[in-house]
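The values are calculated or read from the model by the stated rules, or taken from the named source; none is laboratory data. Since the model is a prediction, treat every value here as computed from it, not as a measurement. Cβ atoms come from the backbone with ideal geometry, glycine included; neighbour counts cover every protein chain shown. Areas reflect the complete protein model, heavy atoms only, side chains present, ligands, DNA and RNA absent. Shrake-Rupley method; radii C 1.70, N 1.55, O 1.52, S 1.80 Å.
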Amino acid sequence: MAVTDKIYIKNHRQLASQLETSFPKGAFKGATLDILFSGEGLSKLDDATRDRVLDFAEDFMDCDCQASPHCGCPERKFVRYLLELREQGLGPDAIVDVMGDDYMLYAYPGDILSFLDSSVRTLEAAEALADVDGQDDAAREVRALKQGLVR
């Protein structure tokens, strides 16, 4: 299961009530993305909530794909966001706090830890493959990426 399947909307009930519609708690579920992407009802949100929802849409849903927002770009951008937070030295608890502050999202710190661990294991495998294949530059690049996550 992808980490984006474990990212949820904070204050989901309040948001659904303000929008006068129901939608899944998962931030990257199709119906949730449709509601955020369409922009309908955003005028019903209080200013602070609207700003965070618009920030989310701008930061993760801005792409030129015909299938947008169901093209996978929002999920890829969010994974990049999580990895960047880790590279800044934040641990799972701090990452959860930051994404809550930035976008009104939450996740369980254990799910974030599992994602980060899986990311490191994937980079270790890529590094080993590059070494075996004699791709020294690629191995060095992957090793540097891995060190950014391992701190």
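Residue by residue, the stretch 46-63 carries 3J(HN,Hα) couplings of 5, 4, 5, 5, 4, 4, 5, 5, 5, 4, 4, 4, 5, 6, 10, 10, 7, 8 Hz when phi is fed to the Karplus relation 6.51 cos²θ - 1.76 cosθ + 1.60 (θ = phi - 60°); x denotes Gly or Pro.
Computed packing ranks the peptides 15-26, 57-68 as 15-26, 57-68, most packed first, by mean other Cβ atoms within 10 Å. The mean accessible area for residues of the stretch 9-124, using a 1.4 Å probe and ignoring ligands and nucleic acids, is 54 Å² per residue. The stretch between C65 and S43 holds 5.3 nm of extra length on full extension. This uses 0.36 nm per residue minus the Cα-Cα distance.
Helix 109-132 and the longest principal axis of the C-alpha atoms of the chain enclose an angle of approximately 30°. Secondary-structure-derived ellipticity at 222 nm for the chain, considering helices only, amounts to -20500 deg cm²/dmol, per-run term -39500 (n - 2.57) for DSSP H runs with n ≥ 4. Label sites at R121 and R151, each approximated as a point 7 angstrom past Cα along Cα to Cβ, lie 2.4 nm apart. Take the chain, connect every pair of alpha-carbon atoms lying under 10 Å apart with a spring to form a Gaussian network, then pick out the residue of I35, I112, I95 with the largest mean-square fluctuation. Judging by the Gaussian network model, the answer is I35. Here the chain is assigned +1 on the Cβ of each Lys and Arg and -1 on the Cβ of each Asp and Glu. Its dipole about the Cα centre then comes out at about 460 debye. Our coupling estimate for the stretch 140-151, obtained by passing each phi through the Karplus curve with A = 6.51, B = -1.76, C = 1.60 and θ = phi - 60°, is 5, 5, 5, 4, 5, 4, 5, 5, x, 8, 7, 2 Hz, Gly and Pro reported as x. Close amide H contacts of L105 (hydrogens built in the peptide plane, cut-off under 5 Å, sequence separation of 5 or more or a different chain): K10, G100. Run down the lysines and flag those whose C-alpha is under 22 Å from the C-alpha of K25, throwing out any fewer than 8 positions away in its chain. In chain and number order, the partners are K6, K10, K44, K77. Among [x] 1.92; [y] 1.18; [z] 0.99, which is the computed Cα Rg over 2.2 N^0.38 Å? Among [x] 1.92; [y] 1.18; [z] 0.99, the one calculated here is [y].
One Cα centroid belongs to the stretch 13-33, the other to the stretch 39-76; the line between them spans 12 Å. Ligands, DNA and RNA left out, the 1.4 Å accessible surface of the chain is 49% carbon and sulfur atoms.
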